[in-house]
Amino acid sequence: MTTVIKNDKHRDNNIDYYKLIFLFIALLTLLCSFSSNNIEKKWVIVIDAGHGDNDPGAIGSFSYEKNITLAIALKTGEYIESNLKNVKVIYTRKDDRFVELKDRANIANKNNADLFISIHANWAPSKKILGTETFIMGIAKDEANLQVAMKENEVILLESDYTTKYEGFDPKSDDSYVMFSLMQNIFQKQSTLLASKIQSEFKEKVSRIDRGVKQAGFWVLYMTTMPSVLVETGFITHPAEEKFLNSVQGQDYLASAIYRACKDYISEIDSRSGISAVKKSEEDEPLKDTANIKAVANEVVFMVQVATSSSKKELKPENFNGLKDITEINENDKFKYASGRFKVYSDAVKHRKEIEHDYPDAFVIAIKGNKTIPLQQALEQKKNSF
């Protein structure tokens, strides 16, 4: 009898042991499934260190702009990659080399970047002028802004056959800058948001003189197809500021400020892509399955991008302020959501204005097949097709 009891206990212990193993495997499977379905997709940020090699940029009493911008760019990228797991950083240069302006923008465009940040140091005829300022694409509203753009754009004069590459653009001619008015509003609000966050960080955390967010016609910003800013981190012609820009501590402070601005920007944009409240009559109506754009391979269409997310969103009207014509575009491990589908650019612009109240940062994008293409390229293709 005793032996039987021992065997029963032994059998019961085995059952309990296998139950625990089964529960552990089930739990592990569930966690793996949950993890695989919630992998954070990556943002792509291109960091551009201004100038390089035979283009020194602005020259101070003992330093060159090209060295300052490279140091700050590399530190900024290091901060971002070390602290933001959902962001991939791409550099236009990581050493002292010359990169043409068009190539800097093309690096961002080819990698479907979400943000483009061009880092510079400023110059002024007076040694008393100091402070930081961040530029977005647009028409210069005063002579000082125009002069900054002209000085930065002069780098194209070092390139061979620059008149052909840059469509006859003359960086020293006021008349050439009129062309920038055509594209200035496409990413203006998003670019301004990032620029404002950078300036706020410089002022509040690094105690820099805030010269504000400005706009001017920078070719490198004009050619990019995403929110873009050009950061002037200080004046190399101001004695104290030149020392700060060349110090390890100064470069570290400026880089960490740009990193924090990027972190806040990404957080804010991602939060805007979350679930939004809608009227009850709309909340149960599903969207059509438009996850894949059924387009002719060579057809160019225009859409209005309303949201970007590092994680996949369910295509329901309540997730997009009631919009029922949302298309999901999966590019570069990130999800973009766009409304409408238009063959004519002006129709897309009109649609953007119609939904501007709910999506003030929405902007027109161009799609060919199932991929975004530079808006300027799409407009040229449309023009040549007629």
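The values are calculated or read from the model by the stated rules, or taken from the named source; none is laboratory data. Bear in mind the structure is a predicted one, so any value in this text is a computation, not a measurement. Positions of Cβ are generated from backbone atoms using ideal geometry, with glycine treated the same way; all protein chains shown enter the neighbour counts.
Which of the numbered conditions does LYS243 fail, given that it passes all the others? Conditions: (1) surrounded by 21 or more Cβ atoms within 10 Å (Cβ to Cβ); (2) assigned to a helix (DSSP H, G or I).
Evaluating LYS243 over (1) surrounded by 21 or more Cβ atoms within 10 Å (Cβ to Cβ); (2) assigned to a helix (DSSP H, G or I) leaves (1) as the failure.
Give the residues of the range 339-368 that are loosely packed, with under 14 Cβ neighbours inside 10 Å and of a type outside the set (D, E, K, R), sorted by residue number.
VAL344, SER346, HIS357, PRO360
Are any residues in the range 359-384 more than 16 Å from LYS336 (Cβ to Cβ) and in contact (Cβ under 8 Å) with a residue 60 or more places away in the chain, and if so, which ones?
Of the residues in the range 359-384, the ones more than 16 Å from LYS336 (Cβ to Cβ) are 360, 376-377, 379-384.
Hits for the range 359-384 are PRO360, GLN376, GLN381, LYS382.
From the list THR237, THR225, which residue is surrounded by 21 or more Cβ atoms within 10 Å (Cβ to Cβ), polar (S, T, N, Q) and over 30 Å from LEU379 (Cα atoms)? Steps first, answer last, please.
Numbers: THR225 fails: over 30 Å from LEU379 (Cα atoms).
Every option except THR237 fails the conditions.
Restricting to the range 71-105, name every residue that is more than 23 Å from TYR265 (Cβ to Cβ) and assigned to a helix (DSSP H, G or I).
LEU101, LYS102, ASP103
What are the residues in the range 201-240 that are of a type outside the set (Phe, Trp, Tyr) and in a helix (DSSP H, G or I), if any? Reasoning before the result, please.
Of the residues in the range 201-240, the ones of a type outside the set (Phe, Trp, Tyr) are 201, 203-217, 220-221, 223-234, 236-240.
GLU201, LYS203, GLU204, LYS205, VAL206, VAL220, LEU221, PRO239, ALA240, listed by residue number.
Any chance the range 299-321 includes a residue that's part of a strand (DSSP E or B), modelled with pLDDT of 75 or more, aliphatic (A, V, I, L, M) and farther than 12 Å from ARG341 by Cα? Give the steps one after another, and end with the answer.
Looking only at the range 299-321, we keep the residues that are part of a strand (DSSP E or B), and these are 300-309.
Those left that are additionally modelled with pLDDT of 75 or more: 300-309.
Now restrict to residues that are aliphatic (A, V, I, L, M): 300-301, 303-304, 306-307.
After this cut, where a residue has to be farther than 12 Å from ARG341 by Cα as well, the list is 306-307.
The answer is yes; a qualifying residue exists.
The conditions are (1) touching a helix residue (DSSP H, G or I) at 6+ places or on another chain (Cβ under 7 Å); (2) buried (at least 21 other Cβ atoms within 10 Å of the Cβ); (3) of a type outside the set (A, V, I, L, M), and THR327 fails exactly one of them. Which is it?
Status for THR327: all satisfied but (1).
So which residues in the range 204-260 are of a type in the set (Asp, Glu) and touching a residue at least 12 places away in the same chain (Cβ under 8 Å), if there are any at all? First the steps, then the outcome.
To start, the set of residues in the range 204-260 that are of a type in the set (Asp, Glu) comprises 204, 210, 232, 241-242, 252.
The answer is ASP210, GLU232, GLU241, GLU242, ASP252.
Looking at the range 113-122, can you tell me whether even one residue there is surrounded by fewer than 18 Cβ atoms within 10 Å (Cβ to Cβ) and touching a residue at least 24 places away in the same chain (Cβ under 8 Å)? Break it down into steps so the answer makes sense when it comes.
Of the range 113-122, the ones surrounded by fewer than 18 Cβ atoms within 10 Å (Cβ to Cβ) are none.
No; the residues of the range 113-122 include none that is surrounded by fewer than 18 Cβ atoms within 10 Å (Cβ to Cβ) and touching a residue at least 24 places away in the same chain (Cβ under 8 Å).
Being touching a Pro at 6+ places or on another chain (Cβ under 7 Å) and buried (at least 24 other Cβ atoms within 10 Å of the Cβ): is that true of LYS66 here? Give the derivation first.
Numbers: touching a Pro at 6+ places or on another chain (Cβ under 7 Å): yes; buried (at least 24 other Cβ atoms within 10 Å of the Cβ): yes.
In short, yes.
Taking the stated definitions as given, is SER267 in the same structural domain as PRO125 (by TED's automatic domain parsing), hydroxyl-bearing (Ser, Thr, Tyr) and at pLDDT below 95?
It is true that SER267 is in the same structural domain as PRO125 (by TED's automatic domain parsing), hydroxyl-bearing (Ser, Thr, Tyr) and at pLDDT below 95.
Going through GLU81, GLU100 one at a time, which residue ends up being in the same structural domain as LEU194 (by TED's automatic domain parsing), more than 24 Å from LEU194 (Cα to Cα) and not aromatic (Phe, Trp, Tyr)? Step through it out loud before you land on a result.
Numbers: GLU81 fails: more than 24 Å from LEU194 (Cα to Cα).
Only one candidate passes the filter, namely GLU100.
Mind checking which residues of the range 90-148 are more than 19 Å from GLU242 (Cα to Cα), among the acidic types (Asp, Glu) and either within 22 Å of the chain's Cα centre (by Cα) or modelled with pLDDT of 95 or more (or both)?
Answer for the range 90-148, where residues must be more than 19 Å from GLU242 (Cα to Cα), among the acidic types (Asp, Glu) and either within 22 Å of the chain's Cα centre (by Cα) or modelled with pLDDT of 95 or more (or both): ASP95, ASP96, GLU100, ASP103, ASP114.
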